[in-house]
Amino acid sequence: MLLDTHCWLWWNIEPERLCGSVREMIADSRNEVFLSSASAWEVAIKYGLGRLRLPAPPSRYVPERLYSNQISGLPIGFDHVLHAGELPPHHRDPFDRLLIAQARIEDLALVTADEAIKEYDVPMIWAA
């Protein structure tokens, strides 16, 4: 499964915001869980703008939390960005559009609580 940025942040900062079944799925080491490079970029941007508070800078926090939670990073490829550009304009957030494209191309379920993502044909796990 591919975690939407807000779900990854909730998992690390406010896990109670995720429904119990999603918390169990993320914690289950038998499941492959990914965080997109796009999400790391989004975290870094929001932190740099002062819109996100973290206990450490993203350059340290993100890799440490990925390692400690056994979550794999998902690199961004040309196929992902080109597919994101071809998506219908249901959602204008470029980070979410990229996550949708990655989930579709990599055959991953996108874990999200973003209502706008429901407009897309993408495997999804509702997080809230």
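How about the stretch 37-83: which chymotrypsin sites (Phe, Trp or Tyr not before Pro) there lie in a loop by DSSP and see at most 15 other Cβ atoms within 10 Å? The partial results should precede the final answer.
Numbers: sites: TRP41, TYR47, TYR61, TYR67, PHE78; in loops: none.
Passing sites in the stretch 37-83 do not exist.
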Note to self: Check which residues have an amide H placed less than 5 Å from ALA113's amide H, if you skip close sequence neighbours.
What the structure shows: ALA127
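Counting other C-beta atoms within 10 Å, and keeping those with at most 16, which DSSP coil trypsin sites (Lys or Arg not before Pro) do you find in the stretch 37-128?
Here the sparse-neighbourhood loop sites are ARG51, ARG53, ARG92.
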Next item on the list: Just subtract the alpha-carbon distance of LEU82 and ALA27 from 0.36 nm times their residue separation and send over the number in nm, one decimal.
Entry: 16.6 nm
Checklist line | Stokes-Einstein D in µm²/s, Kirkwood radius over Cα pairs - the chain at 25 °C with 0.890 mPa s viscosity | finding: 166 µm²/s
Next item on the list: Express in nm, to one decimal, how much length is gained between LEU52 and TRP126 on full extension, taking 0.36 nm for each residue of separation and deducting their alpha carbon distance.
Entry: 24.3 nm
Notebook entry, point to check: If you put +1 on each Lys and Arg Cβ and -1 on each Asp and Glu Cβ, how big is the dipole of the stretch 1-104 around its Cα centre, in Debye rounded to 20?
Noted result: 280 debye
Check: Which GluC sites (Glu not before Pro) does the stretch 1-51 hold that lie in a coil by DSSP with at most 15 other beta carbons within 10 Å?
Finding: GLU32
Note to self: Along the Cα→Cβ direction, 7 angstrom out, place labels at GLU106 and SER68. What is the inter-label distance in nm?
What the structure shows: 2.2 nm
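Where a number appears in this text, it was derived from the coordinates with a stated rule and is not lab data. Predicted model, so just to flag it, every value in this text is computed and none were measured. Quick reminder, even Gly has a Cβ in these numbers, built from the backbone with ideal geometry, and neighbours come from all protein chains shown.
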